[in-house]
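Let me begin by presenting the structure, written as structure tokens, before commenting on it.
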Amino acid sequence: MEEAEALARALDKPMGALGLVFLFVVLGQNVAKPPLADWLAVVGWVLWAVFVGELVLRAYVAQDQRRFWRRNWWQVVFLAVPFLRVARAASLLRFVRFGGVLSSAVRGTRSAGRLLTGRVAWAAVVTGVVVLASSQLLLIMEVFDSYADALHAAALATMTGEPFGADDPASRLIEVLLAAYSVAVFATLAGALGAYFLQRPQERGEQA
């Protein structure tokens, strides 16, 4: 048991890095064409198997099983989503793609938290994840005809709160969420930068 616990702790940062890689693999599958899309699918399944193994290991070393599954239920959903790809209904396929992007984005943000300790660096990485994920969602919902347009609109909405100009309820909901995110994140960044520049020059020199 002690060896398993040590292994679980040692895997923390490597699994965080793989979480970010998986995010880009999932996002790449939605815009890539064969044969690249096929290779990305293979890589995605390999990473999926690695995540299953990690979850089983962490469940094995967890002392409180009820608490563990209460905190990690989302991972079960994340791992179950790929099996829904066998569905033939177009509406369900769109839902699966939507869920795949969201679950990989959640894992990507948690992975960033594992790897980064600085608030500014973490906010920057999470902002990139939000832009990429929201642009994929806009493309899946066919709000834009090209991924370049979707990425441009998502980036502006995330940084400035600028609306897409779409009429459907789902797009408007994403607009509101991105506007709220832009306010919260840039307020955090402004606070962190303000705290840094308000420090005495000697203190800044010691931290450098």
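Select the helices (runs of 4 or more DSSP H) contained entirely in the stretch 84-192, then report the ones holding at least 1 residues which are at pLDDT below 80 and surrounded by 15 or more Cβ atoms within 10 Å (Cβ to Cβ). Spell out how you get there, then give the answer.
On the way: elements: 90-115, 119-140, 147-160.
The helices (runs of 4 or more DSSP H) meeting that bar are 90-115, 119-140.
Is there a residue being within 23 Å of Tyr181 (Cα to Cα) and either under 13 Å from the mean Cα position of the chain (by Cα) or modelled with pLDDT of 70 or more (or both) anywhere in the stretch 58-77? Before the answer, list the steps.
So in the stretch 58-77, the residues within 23 Å of Tyr181 (Cα to Cα) come out as 74.
Now narrow it down to the ones that are either under 13 Å from the mean Cα position of the chain (by Cα) or modelled with pLDDT of 70 or more (or both): 74.
The answer is yes, given that some residue of the stretch 58-77 is within 23 Å of Tyr181 (Cα to Cα) and either under 13 Å from the mean Cα position of the chain (by Cα) or modelled with pLDDT of 70 or more (or both).
Name the residues in the stretch 12-30 that are surrounded by fewer than 17 Cβ atoms within 10 Å (Cβ to Cβ) and aliphatic (A, V, I, L, M), would you?
Matches in the stretch 12-30: Ala17, Val21.
For the stretch 10-82, list the helices (runs of 4 or more DSSP H) that sit wholly inside it and hold at least 1 residues that are over 25 Å from Val125 (Cβ atoms); which are they?
Values: elements: 12-31, 36-61, 65-71, 73-80.
Qualifying helices (runs of 4 or more DSSP H): 36-61, 65-71, 73-80.
For the stretch 58-79, name all the residues that are under 18 Å from Gly19 (Cα atoms) and buried (at least 16 other Cβ atoms within 10 Å of the Cβ).
The answer is Arg58, Gln75, Phe78.
If I go through the stretch 39-49 residue by residue, how many of them are surrounded by 14 or more Cβ atoms within 10 Å (Cβ to Cβ) and among the aliphatic types (A, V, I, L, M)?
If we filter the stretch 39-49 for residues that are surrounded by 14 or more Cβ atoms within 10 Å (Cβ to Cβ), which is where we start, we get 39-41, 43-44, 47-48.
With the extra rule that they be among the aliphatic types (A, V, I, L, M), the set shrinks to 40-41, 43, 47.
Selection size over the stretch 39-49: 4.
The values are calculated or read from the model by the stated rules, or taken from the named source; none is laboratory data. Predicted, not measured: the structure shown is a model, and the values here were computed from it. Counting neighbours? That spans all protein chains shown, and the Cβs are built from the backbone with ideal geometry, glycine included.
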